[in-house]
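We did not get these values from a lab; they are worked out from the coordinates using the rules stated. Predicted model only: the values in this text are computed from it and were never measured. Note: ideal-geometry Cβ built from the backbone for every residue, glycine included; neighbour counts use all protein chains shown.
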Amino acid sequence: MKTELLIITALESELKRAAMPQGVKIVYSGIGKINASLTTLKAMQELQPKRIVNFGTAGKVNPQLQGLLEIARVIQRDMQTEPLAPRGQTPFCPRPFEYFSLSGEHVCGSGDSFVTAFDPWLDEQKVDVVDMELFAIATVAHQHGIPWQSFKYITDDANEDSAKDWQAKVNHGQTLFLEKLNDLMKF
């Protein structure tokens, strides 16, 4: 089965399947980079999408941001192997250490941890938001030549209150994303 557009979201609590427009396929990856990698690869093999769109929640590092953001670039924030490679880069790996989407203006740092404190490295890299899946999704899409886009809804301030704030706002971005999705489907 082939599809034009594949939506990948970590959890159904972020974006309900029943809210999807007719003909749009959505898969839920679960939380984290390994789950996102496996789900993205399987969905790409089964559905052969022409484009992947990731929607999810994020914590903000840039305090001036809010709402729904389109991500232009993603890096891996939790790959820390100094002195073998600089932070964010996998040592002895020929794949890129950053990926660029079809459009957008914000930077996302992905990692397998919930950010609850200031990290100066994120500021140095000009990271706007943090999540737990996008780097994996972008890696698999890149490896298979599938263009991707990502939209993140800010639920928290990436601080000590992040878990509580995320739980309270996990589903608040659905309406904004569905409006954006309708725009994306016009092209």
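Each principal axis of the Cα cloud of region 142-187 was taken in turn, and the coordinate range along them, longest first, works out to 39, 28, 12 Å. For C93, C108, the sequence from fewest to most other C-beta atoms within 10 Å is C93, C108. Take the Cα of A117, go 7 Å toward its beta carbon, and the backbone nitrogen atoms of region 158-176 under 20 Å from that spot belong to 158-166.
What percent do you get for the relative contact order of the chain when only Cα pairs under 8 Å and 6+ apart count?
Computed value for the chain: 28 percent relative contact order.
Taking each residue as 0.36 nm, the span from K2 to H172 lengthens on full extension beyond its C-alpha to C-alpha distance by 58.2 nm.
Among the listed pairs K16/K164; K2/K126; K50/K164; K42/K180, a Cα-Cα separation exceeding 31 Å is found for K2/K126; K50/K164.
Panel values: region 10-98, Kirkwood radius from alpha carbon pairs, Stokes-Einstein at 25 °C and 0.890 mPa s, translational diffusion coefficient 156 µm²/s.
Ranked by how many other Cβ atoms sit within 10 Å of their own Cβ, fewest first, the residues E70, E12, E124 fall in the order E124, E12, E70.
Distance between the modelled labels on T90 and H142, one decimal in nanometres: 1.0 nm (7 Å Cα→Cβ projection).
Calculate for the chain the 222 nm mean residue ellipticity that helices alone would give, adding -39,500 (n - 2.57) per DSSP H run of length 4 or more and normalising by residue count, nearest 500 deg cm²/dmol. Walk me through the numbers before you get to the answer.
Details: 5 runs with 49 residues, N = 187.
Only helices count here, giving -7500 deg cm²/dmol.
Counting only aspartates and glutamates at least 8 places from K152 when in the same chain, those with an alpha carbon closer than 18 Å to its own are E12, E14, E70, E98, E105, D112, D128, D131, E133, D165, E179, D183.
Ranking of V27, V115 by neighbouring Cβ atoms within 10 Å, starting from the fewest: V27, V115. Over all Cα pairs of region 5-184, how is the pair count split among 5 Å bins, expressed in % and running from 0 up to the last occupied bin? Using 5 Å bins, I get a P(r) of 1, 9, 18, 23, 22, 15, 8, 3, 1, 0 for region 5-184. With R₀ set to 30 Å, the beta-carbon distance separating Q64 from I34 gives a calculated FRET efficiency near 0.40. Taking a ≥ b ≥ c as the square roots of the Cα gyration tensor eigenvalues, region 1-47 comes out oblate, since a/c reaches at least 1.5 and a/b does not exceed b/c.
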